[in-house]
Amino acid sequence: MPASKRKSFPWHIVVFLAPAVIIYTLFMIYPLIDSLRLSLYTVEQQGGPEVFVGLGNYQRLFTDPFWQPQITRAVGNTFEFFLIHMFVQNPLALLLASLLSSRFIVGRSIYRTLIFTPSVLSVVLIGFIWQLILSPVFGRALFAQIGIKLPPLLGQAETALPVLSLVSVWQWVGVPMMLFLAALIAIPDELIEAARVDGATGVGVFWRIKLPLIMPTVGIVAVLTFVGNFNAFDLIYTTQGALGAPDYSTDLLGTLFYRTFFGVQLQLPNPTMGTAVAGVMFVIIFTGVLIYLFTWQRRLLRNTVEL
């Protein structure tokens, strides 16, 4: 083939991608790889040299009497935090998106703005406001004015995590709602009209036409919810501190990593064990994403090819 007819290497693509790739590598890829590397070492004394121990830190994390209860509790709490978002936030977001995609709702743009607004507010501000509302002093006096006796929801181990999970749902429900809404709006009106001509009701149109067409978006929202909640940290830290009060009942993997890596109160920092906790978080998230790619995403692609 003559050299003149050969396609030249697309250097312009490299030029445009290089800044993003370099920044992402420096601030994301390199810290991730270095954290996984550090989790394979230990420091026998403060300020001493690193000693390679392989998977010893992970073994210690799941077998040591000090670490095993903490990692087990944190994993369980994080799964509970995720499941509340998965089965409360996402169905609620889908319901709101379905309602706001209807032409019969007056002031749809106002409702969308109001629902989405908490998502752009500072998590510190959200945590402070809800901590004030649910406090035994201010909150109890406030609710007493309307005849409601407010229990110390954030001070009881049985209710603290579910209540904070619902606060997080309130804050972030606008994000999946907008994703669902964009997918619903993209459905051609001809399909909806044809279904109505055939006698389908509003509920029938949703279950038989709309929901199957937005299933790719449902999968994306599910995996984003999974990744986001297993990285959760800020709301718990703002309201309950790094110890996940009361009595570690709100302790997530994010707060366990923070206090292990940086230290808190009488607990000295232990970066190698902290990165081991981060390694557990990475394995869980990576496994969940792989399950999504090789089950849900593959099934959707197979159904698309068959159609």
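Which residue out of V120, V106 is closer than 24 Å to F206 by Cα, surrounded by fewer than 11 Cβ atoms within 10 Å (Cβ to Cβ) and hydrophobic (A, V, I, L, M, F, W, C)? Spell out the reasoning first.
Details: V120 fails: closer than 24 Å to F206 by Cα.
Testing whether each residue is closer than 24 Å to F206 by Cα, surrounded by fewer than 11 Cβ atoms within 10 Å (Cβ to Cβ) and hydrophobic (A, V, I, L, M, F, W, C) leaves just V106.
(1) within 24 Å of G228 (Cβ to Cβ); (2) of a type in the set (F, W, Y); (3) more than 24 Å from the chain's Cα centre (by Cα): which one isn't true of F52, the others all being true?
With (1) within 24 Å of G228 (Cβ to Cβ); (2) of a type in the set (F, W, Y); (3) more than 24 Å from the chain's Cα centre (by Cα) applied to F52, the lone miss is (1).
I need a count of the residues in the stretch 85-123 that are more than 13 Å from T225 (Cβ to Cβ), of a type in the set (G, A, S) and not in a loop (DSSP other than H, G, I, E, B).
Here is the first cut: in the stretch 85-123, the residues more than 13 Å from T225 (Cβ to Cβ) are 95-123.
Subsequent filtering for residues that are of a type in the set (G, A, S) retains 97-98, 101-102, 107, 109, 119, 122.
Filter once more, keeping what is not in a loop (DSSP other than H, G, I, E, B): 97-98, 109, 119.
Total meeting the criteria: 4.
Only one of A200, A186, A194 is at pLDDT 90 or above and farther than 30 Å from L235 by Cα; which?
Numbers: A200 fails: at pLDDT 90 or above; A194 fails: at pLDDT 90 or above.
The conditions single out A186.
The values are calculated or read from the model by the stated rules, or taken from the named source; none is laboratory data. The structure presented is a predicted model; accordingly, all values stated were derived computationally and were not measured. Every residue, glycine among them, receives a Cβ derived from its backbone with ideal geometry; neighbour counts consider all protein chains shown.
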